[in-house]
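Just below is one structure, and these are the notes that go with it.
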Amino acid sequence: MLHWLRDHRRRAILQDPFPDGWRRILVESVLHYSFLDDDEKNHLEQLIQVFIAEKKFEGCNGLEVTDEIRVVIAAEACMLVLGLPHDLYRGLISLLIYPSSVVVPPSRMGVFTQGPLVERPEIAISGQAFLHGPVILVWDEAKRAARHPERGHNVVYHEFAHLLDMSDGVADGTPVLHGRDQYRTWAQVFSKEFIALRQASKKGKKTFLDPYGALNEAEFFAVATEFFFDKPVQMQKKHKALYDVLAGFYLQDTAGRERRYNRMMQV
Ligand SMILES: [Zn+2]
């Protein structure tokens with residue numbers, strides 16, 4: 001069983017208290033942090049602390065990496081694994097952060113966030129994830145997404161969903177699930193939803209899920225993950241079966257959390 005705190009170096013990192021300045025950044029810049037209950041907040045802060053100590057953040061194209069950049073990106077990467085047995089992205093060593101959208105040369109190993117690689121050899125991307133390599137992220141996109149999850153796009157959730165998907169060695173839209181029954185349900189629900197999105201987007205119909213998810217199964221999982229975290233209440237209404245399998249995988253009730261937060265804001 002994976003357990004991220006099995007590692008004594010990670011436990012040692014947690015001897016230091018979580019910096020107040022980082023908590024201020026979470027409150028001001030990561031809306032989903034405010035959705036969490038106290039236990040979840042505490043758990044997320046521990047994950048962030050280890051993530052930041054362990055992973056290398058490299059600023060590209062002149063970007064200076066600040067605490068805000070580290071904390072916002074780490075928070076969102078860690079949000080995905082908040083309920084999971086996990087190893088805190090053990091294989092991930094570096095994150096390359098660009099100030100704004102970047103044109104990268106084509107690569108066979110990456111999973112792109114925009115456009116089929118074969119048709120557009122050089123494309124502007126807002127993120128990219130590699131099986132045995134860095135995660136590339138664009139800071140202005142990541143920053144906006146953290147403050148405005150209602151837009152339904154989050155490059156950090158997207159790229160880290162690819163990493164979870166690839167944790168079994170392949171980017172096929174199916175991460176390591178929690179049991180045989182789950183694989184069966186997952187395959188049924190995902191193939192049905194993926195085909196429906198493909199058909200609708202081919203016909204140019206407006207869809208709830210971003211049609212970019214129709215590109216292939218890996219992109220479908222990454223896009224579905226973005227919506228599961230960013231628009232969970234609507235997803236539960238419009239794509240209940242998909243919401244349910246994702247909740248069964250991530251072991252988080254994001255819709256319940258969003259409803260609780262909305263009620264809290266009304267009083
Ligand atoms: Zn992608």
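Just so you know, all these numbers are worked out from the coordinates, no wet-lab data involved. This is a predicted model, so every value here is computed, not measured. We place every Cβ from the backbone using ideal geometry, glycine too, and count neighbours over all the protein chains shown.
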Neighbour-count ranking for LEU63, LEU5 (other C-beta within 10 angstrom, fewest to most) reads LEU5, LEU63
Pairs of alpha-carbon atoms within less than 8 angstrom and 6+ residues apart define the contacts here; what relative contact order does segment 136-256 have, in percent? 26 percent
Compute a Gaussian network model of the chain, connecting alpha carbons closer than 10 Å, and tell me which residue from GLU217, GLU64, GLU45 fluctuates the most. GLU64
Just need the relative contact order of the chain here, percent rounded to a whole number, with Cα pairs under 8 Å and 6+ apart. 16 percent
State the antiparallel share, in %, of DSSP beta bridges confined to segment 4-266, rounding to the nearest 5. 50 percent
Among ASP165, ASP210, which comes first, then next, by fewest other beta-carbon atoms within 10 Å? ASP210, ASP165
Using alpha carbon centroids, what distance separates segment 69-98 and segment 182-234, in Å? 23 Å
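Hey, got the dipole for segment 12-70? About the Cα centre, +1 on K and R Cβ, -1 on D and E Cβ, debye to the nearest 20? Working shown, then result.
Working: 6 positive and 13 negative charges, 38 e Å.
Taking the Cα centre of segment 12-70 as origin, the dipole is about 180 debye.
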Just VAL102, VAL30, VAL223 to compare: in a GNM of the chain, with alpha carbon springs under 10 Å, which one fluctuates most? VAL102
For the chain, what is the largest minus smallest coordinate of the Cα atoms on each principal axis, given in angstrom and ordered from greatest to least? 53, 45, 39
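Going by how many other Cβ atoms sit within 10 Å of their own, how do HIS3, HIS239 line up, fewest first? Could you put the intermediate results ahead of the total?
Details: HIS3 11, HIS239 21.
Ordered from fewest to most neighbouring Cβ atoms within 10 Å, HIS3, HIS239 come out as HIS3, HIS239.
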